[in-house]
Each structure stands twice: as structure tokens, then as C-alpha cells.
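Notes follow the structure.
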Amino acid sequence: MDTIASLFSFITTPVSWVIVQFHTMYGAIFGPDTGWAWGLSIVSLVVLIRICLIPLFVKQIKSTRNMQALQPKMKAIQERYKSDKQRQSEEMMKLYKETGTNPLSSCLPILAQSPFFFALYHVLSAIASGKTIGVIDEPLLASARQAHIFGAPLAAKFMDSPEKVAALNASLTDVRVVTAIMIVMMSASQFFTQRQLMMKNVDLSVKTPYMQQQKMLMYIFPLIFAGMGINFPVGVLVYWLTTNVWTMGQQMYVINQNPTPGSKAQDAYLQRLLKSVTQHAEVRGRRRKNIVKAIVAKGADRNDNERRFFAGLAKAGFAAQPDGSVNKSDSVSVEAEGGAAAKRQQPKRQTKSQRQTAGGQQAGGQPAEKAETSEKSEKSEKSAPSLEKKPESTEKGSKAGSASSGDKPARPSRANSGGQRKGQQRPKHPSSKK
């Protein structure tokens, strides 16, 4: 480990200088020889490094999402050129170039943080050995060796011998209890960070081997760090625990504010956005408008979460605009109910004879019948020859013919039927007047 740390010796001087500057500030508050002054100096070093690594963290998020989206295409290339490894590699590189994806971007924060980690480990090891390093001279070295965090020296390790721990003015029990608690917290924070990434911020519509690999790493990484933690000094454990907590909080913020499309976190975010739009009748904030704008631009390529969001907007009577804003629209709520709303059914127009018949029946105490008839019957009535007016000769001839025959009664004229259709009429109610 000393050989690996010595490779990063070029950065030990800047790291030790930053720690000393923070120690000067905190030493004026808590005292120069206290564990709070040296412990907070290490925590401040972590915060400073992680702030500088935020641009790399953003690239890591984009690269991880692009890799998740490319998994089906990568699998297809592997199956197509499984017998030709060179062609497979060329197609993979072509796919990365076309999509602007860098597979190494997901490792950039860890790679960029590694020199600082090994430099800090080298500084704390020198303090434990009683050697000056970087800008830490003899007075600072003596102050650092006296600093304890809950009874454990900064340079003590879980596996140190009782004699070495006694040389640092501490007990082996205190060192092992403090280091064990910190190792458990470090592993738990690593596990929770990976778990919330897998459970909330992964596109569930894409089932690829990449998800299985991430799930395996969720259980393997904490065990690896737990095994390495027993050989870390207390100061390094403070550094690693702080960076894990920072990563967990940073990722939690990203999941809540900029979730992966198609994930559970995106569904929860869009539901919160829908509630805000419904309450305020507008999209508040530039970032939210950019998200709505991006969803509108997708068109038919929207996922299930985004379609549910648009359906909720439509049901509330809002329409999303290409610039990310929303407008109030009454017609949109109609479409949200399942298409165009059914128009109000207007009663069909009745003929004059039907209105007269209905009025006469109501006046006589007879209940009015429903005067709805189809268009075909109306047309047939109009096209049929009028039977209301007949010549007297015709009527007399028909009466004479019926009298002579004696078996066929005369048919009632249309005028006598009151404009009703031919055929058997509905019997009158017994209570009605004749």
C-alpha cells in the first residue's frame, strides 16, 4: 500500500497544505490539539474536493443513463458479431461515437478522487509513524498525534497492536469500537446509495444484464469496503465516510430533481409537478419548464410516466406548450375523458299531424305518447299519396260496394285516424273519456 501511495506523493504537499489551512481556522474555535479541529479539517477537505468534482459527477450521470439506454443495442451487436470480436469492438465504438457516450465517464469521479485519497492516506500514515510530510512540520505533527476522535487517534487502525495504540495515548478497545462503528456506517451508506439508485432511478422498461450487474455491485461493494476499512486509519475512515454521505445526499437530490426517464423517481417527480401546475395554473421555475419542454418534444416517444402526466394535465384542463408552459383549455379536459365528448342529443322534429295528435290526446285526458319517429317513416308519409280528400263519388262507391258484399267493412280514411299510421291502434285507457 505504501508503494501505491508513494506514486501519488506529488499531491501530498497540496493535500497537507489544505488540511493545515482548515486546521488553523478550526483550531481557533475548538483548540489546535483537539480532534474536532483535525477531524473537521478532513471533512472540509472532502467537501472542497467534491465541489470541484461536481462537473464530473454530472458527466457520470449522463454516461450512466446513456449506457442504460444503449444496453439493448449493445446486446444486439454482441449477438450479431459474436464470432467476430474485432468487428464487434468496431461496432461498439461506432455506437459510442454516434450517441456521444463515454463508458469511462461513470468512473471519472472515483478516478479523480483517488489521488487525494491515497495522498491523505500517506499523510496520516506519516503522522502515525512520527514523520513530517508536506507542510506538516514538527509542531503540527505533535498536535495531530494528540488529536483523538471519540478516544481514537487519527492515525490509529483497527488492526493495530496494543503497543502501537498505547504509543498514541489511547486504548485498543476505544480504537476498535470507534473504527468498527465507522466501518459499518461507511458500508451502510455505500449500500443505501447503490440501493436507491437501483430501486428508484433505473428505467424499469429496459430489462438488460446491466441492471443485474448493478444489483450484484450493490451487495459486493459494501463488503469490499468493509474488508478494506479494517486497514484504514481513523482519519481516512472520516474521509471515506464523509465522501459516502456526500455522494448519498448528492444522488438523492438528483433523483428527486432530475430523475432517469422511465423510472419510479420520474413518475413521483411528474406527479409532484402535476400537483403544482394544478394549484398554481402554471409551470414554476426554469428547470421545470425545460423538463416539460423536453417531454413535449418527444412526441410519440414518451414513456408511460410522461403519458400519464399529460393525461393528468388534460384532465385538469391544461395543455402543455412547446416552450414548457401550460395553457388553460376546456377542450383538453374533454379529450382526457376518452376522446371527444358526446354531444347533447336534441329531440327529433315532429310533424304537424303528430303535434296535433299529441295535443288532442292530452286535452282529452289521454296520456301523450312519445312522438319520436324515424326519418324513414317521415319520408314515407310525405311520399305517400294524400288520402285526406276524396271525392264523394268515390266514398259512395266504396260504401255501396261494402254494402253489397257484406263481408268487407270500409277502411277508415287517414283523416279519421287523426294523422296516425295505418294498422291496429293502441286501445284507450278505461278511465279515459270516449
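The values are calculated or read from the model by the stated rules, or taken from the named source; none is laboratory data. Quick caveat: nothing in here was measured; it's all calculated off a predicted structure. Glycine also receives a Cβ, built like all others from the backbone with ideal geometry; neighbour counts cover every protein chain displayed.
Okay, residues lined up against (1) modelled with pLDDT of 90 or more; (2) within 28 Å of SER187 (Cα to Cα); (3) touching a helix residue (DSSP H, G or I) at 6+ places or on another chain (Cβ under 9 Å); (4) buried (at least 19 other Cβ atoms within 10 Å of the Cβ):
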site: ASN256; (1), (2), (3), (4): no, yes, yes, no
site: GLY262; (1), (2), (3), (4): no, no, yes, yes
site: ALA265; (1), (2), (3), (4): no, yes, yes, yes
site: LEU274; (1), (2), (3), (4): yes, no, yes, yes
site: ALA294; (1), (2), (3), (4): no, no, no, no
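Looking at SER63, is it outside any loop (DSSP other than H, G, I, E, B), without any contact (Cβ under 8 Å) to a residue 60 or more places away in the chain, surrounded by 19 or more Cβ atoms within 10 Å (Cβ to Cβ) and not charged (D, E, K, R)?
Numbers: outside any loop (DSSP other than H, G, I, E, B): yes; without any contact (Cβ under 8 Å) to a residue 60 or more places away in the chain: yes; surrounded by 19 or more Cβ atoms within 10 Å (Cβ to Cβ): yes; not charged (D, E, K, R): yes.
In short, yes.
Looking at the structure I just gave you, is LYS298 farther than 20 Å from LYS200 by Cα, touching a Gly at 6+ places or on another chain (Cβ under 6 Å) and not assigned by TED's automatic domain parsing to the domain that holds PRO55? I'd like the intermediate steps shown before the answer.
Values: farther than 20 Å from LYS200 by Cα: yes; touching a Gly at 6+ places or on another chain (Cβ under 6 Å): no; not assigned by TED's automatic domain parsing to the domain that holds PRO55: yes.
Criteria not met by LYS298.
Checking the conditions here, which among GLU98, GLU90, GLU79 is of a type in the set (Asp, Glu), surrounded by 12 or more Cβ atoms within 10 Å (Cβ to Cβ) and in the same structural domain as VAL15 (by TED's automatic domain parsing)?
Details: GLU98 fails: surrounded by 12 or more Cβ atoms within 10 Å (Cβ to Cβ); GLU79 fails: surrounded by 12 or more Cβ atoms within 10 Å (Cβ to Cβ).
After ruling out the rest, the residue left standing is GLU90.
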Check: Counting only residues that are in contact with a Lys or Arg (Cβ under 9 Å, 6 or more places away or on another chain) and either not assigned by TED's automatic domain parsing to the domain that holds VAL175 or not hydrophobic (A, V, I, L, M, F, W, C) (or both), which one in segment 216-241 is nearest to SER125 (Cα to Cα)?
Finding: PRO233
